[in-house]
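Remarks on the structure that follows.
The values are calculated or read from the model by the stated rules, or taken from the named source; none is laboratory data. Just so we're clear, the structure is a prediction, and the values are computed from it rather than from any experiment. Every residue, glycine among them, receives a Cβ derived from its backbone with ideal geometry; neighbour counts consider all protein chains shown. Each accessible area value is taken on the protein alone, full model and side chains, heavy atoms only, with ligands, DNA and RNA left out. Shrake-Rupley method; radii C 1.70, N 1.55, O 1.52, S 1.80 Å.
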Amino acid sequence: MDLLLQSCDLLTAFLLIYGLKRMSSPATASSGIVLAGIGMLLIVLASFLYSFGVSGTARPHLPVNLLLAGLALLLGTGWSWWRGERVPLTAMPQMVALYNGMGGAAAGAIAGIELLAHPDVSNVRLAIAILGGFIGSFSFSGSLVAWAKLEGKLPKPWRPRFLQLGNGLVLLLAVASGTALPALLPNPALLSLFFVSSLAFGALITLPIGG
């Protein structure tokens, strides 16, 4: 099972990288999107194989968790397909910004669960979770601001005095709280501070951009 999952990881990485490469040209962009989509479908389906190796304590919760995962996939796929078919071409940038933000939110949520549920894992795994939480959080908030600007809901840039200093302080707070997390987990208050400062940083660096 581990070999199968690792093979799926490797094949998905290849399909995503090759798909992105083909998206760089209008002549091959359509096939690149299809290849990347196949890679995402493969790894999503392969992730359900983890259900065969769950611990005895987690097994009673498996039916409910699988049902919730299936419902999330159905709702997310149905809504995004429906919106993708109906969105005007001129509104495509804000839809891309919104979907990019949802990806960041998912990465941040996974990192938060990992940090709360598994505080005793290796330092490498903790570092990856913290980095993923930081990038996912500021990608989410920054993408939401970008969507609001493209949609015309924030028509003017926001550039108060000392904005760069404020951005630096918020970034420092996010880095400091993230650096302290491995030694103090599980600590919900510190984890909340880390995610709030990461979200604030993403919004603050995007708000000054033109409307």
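What shape does segment 89-211 take by its C-alpha gyration tensor, where a ≥ b ≥ c are the square roots of the eigenvalues and a/c under 1.5 counts as rounded, a/b above b/c as prolate, and the rest as oblate?
Verdict is oblate for segment 89-211.
Taking θ = phi - 60°, what integer Hz values does the Karplus form 6.51 cos²θ - 1.76 cosθ + 1.60 yield along segment 106-120, in sequence order, with x for Gly and Pro?
Computed from phi, the couplings for segment 106-120 are 5, 5, x, 5, 4, 5, x, 5, 4, 6, 7, 8, 10, x, 9 Hz.
At 1.4 Å probe size, with every protein chain present, just tell me what the per residue accessible area of segment 74-210 comes to in Å².
Computed with neighbouring chains in place, this is 60 Å² per residue.
Can you send over the carbon and sulfur percentage of the accessible area for the chain, probe radius 1.4 Å, protein chains only?
74
Place +1 on the Cβ of every Lys and Arg and -1 on the Cβ of every Asp and Glu in segment 74-210, take the dipole about the Cα centre, and give the residue among P119, A200, Q164 whose Cα lies farthest towards its positive end.
Working it through, the farthest residue towards the positive pole turns out to be Q164.
Between K156 and K21, what is the label-to-label distance in nm when each label sits 7 Å out along the Cα-to-Cβ direction?
The two pseudo-label positions are separated by 4.8 nm.
For A106 and Q164, what is the calculated FRET efficiency with R₀ set at 30 Å and r taken between the beta-carbons, to the nearest 0.05?
E between A106 and Q164, to the nearest 0.05, is 0.50.
I'd like the Karplus ³J(HN,Hα) series for segment 81-94: coefficients 6.51, -1.76, 1.60, θ = phi - 60°, whole numbers in Hz, and an x wherever there's a Gly or Pro.
5, 4, 5, x, 6, 10, 5, x, 4, 5, 9, 4, x, 6
Summing Lys, Arg as +1 and Asp, Glu as -1, what charge do residues with Cβ under 15 Å from the Cβ of N187 carry, N187 excluded?
The answer is -2.
Quote to one decimal, in nm, the extra length available between M1 and H61 on full extension: 0.36 nm per residue of separation minus the C-alpha distance between them.
My answer for the length gained is 19.5 nm.
What longest range of the chain stays clear of loop-exposed trypsin sites (Lys or Arg not before Pro) (DSSP non-H/G/I/E/B, at most 13 other C-beta within 10 angstrom)?
Of all site-free stretches, the longest is 1-152.
Averaging over all projection directions, find the projected area of the Cα convex hull of the chain and quote it in nm² with one decimal place.
With the hull built on Cα positions only, its mean projection is 14.3 nm².
Using only the Cα atoms of segment 1-55, build the gyration tensor, take square roots of its eigenvalues as a ≥ b ≥ c, and label the shape rounded, prolate or oblate: rounded if a/c is under 1.5, else prolate if a/b is larger than b/c, else oblate.
prolate
Enumerate the calculated ³J(HN,Hα) couplings along segment 15-22 in order (Karplus 6.51 cos²θ - 1.76 cosθ + 1.60, θ = phi - 60°), each rounded to whole Hz, writing x wherever the residue is Gly or Pro.
5, 5, 5, 5, x, 5, 4, 6
Mind jotting down the distance between the C-alpha centroids of segment 138-182 and segment 77-125, whole Å?
A separation of 18 Å, based on Cα centres.
Report the extension gain between L74 and S31 in nm, rounded to one decimal, defined as 0.36 nm multiplied by the number of residues separating them, less their alpha carbon distance.
Residue separation times 0.36 nm, minus the Cα-Cα distance, leaves 13.1 nm.
Can you give the calculated 222 nm mean residue ellipticity of the chain, where each DSSP H run of n ≥ 4 adds -39,500 (n - 2.57) and the sum is split over every residue, rounded to the nearest 500 deg cm²/dmol?
The per-residue figure over the chain is -26500 deg cm²/dmol.
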